[in-house]
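Report on the following structure.
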């Protein structure tokens, strides 16, 4: 999945891939694969990118044109994230199985996200947010 704004943001700030990779504590080749859309940037690295440029995750991933929000937390709060994933799912009257099917994953995998066992991958939270019209920044507990 290619998120074109990642590259544009980096270039707008006249940063090399090597420099932004260093900022994100990764290597240039991993970062390059994110820009090319060959690999998807992990949510924790996306959050670091968002914080470095003071931009919303929603903007970076093309969900909105709102560049900045008033943050209540710069970090992803996995407790809030799990609670809000479940909250949205229930509001939409969906089962964990329904969400797993939407994301082409397993029920147990989705359950692990709702039960704070692992951090949801960027591609899944992006699909979930787009499907249910909600903010990734809100899901992650960065905004209210």
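Listed values, structure above:
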| item | result |
| --- | --- |
| Ranked list, fewest to most other Cβ atoms within 10 Å of each Cβ, for 77, 12 | 12, 77 |
| Per-residue Cβ neighbour rank within 10 angstrom, fewest leading, 14, 58, 48 | 14, 48, 58 |
| Cα-based shape type of region 4-60, given that a ≥ b ≥ c are square roots of the gyration tensor eigenvalues and the cut on a/c is 1.5 | rounded |
| When the convex hull of its Cα atoms is projected in every direction, mean area for the chain (nm²) | 8.1 nm² |
| Two-decimal log10 I(q)/I(0) for region 65-136, as the Debye equation yields it once each C-alpha is a single scatterer, q = 0.16, 0.24 Å⁻¹ | -0.55, -1.18 |
| Cα long-axis angle, helix 43-53 against the chain (0 to 90 degrees, to the nearest 10) | 50 degrees |
| With Cα atoms, 0 to 90° folded angle of helix 78-91 axis to the chain main axis | 50 degrees |
| Zone of residue 36's modelled label, taken as backbone nitrogen in region 1-20 under 16 Å from a point 7 Å along Cα→Cβ | 1-4, 7, 17-18 |
| Two-site label geometry, residue 97 and residue 23: point separation in nm, points 7 Å out along Cα→Cβ | 4.6 nm |
| Fewest-first ranking of 16, 105, using other Cβ atoms within 10 Å as the exposure measure | 16, 105 |
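Bear in mind these aren't lab numbers, they're just calculated from the coordinates by the rules spelled out. Keep in mind the model is a prediction, meaning the values are calculated, not measured. All Cβ positions, glycine included, derive from the backbone under ideal geometry; neighbour counts span all protein chains shown.
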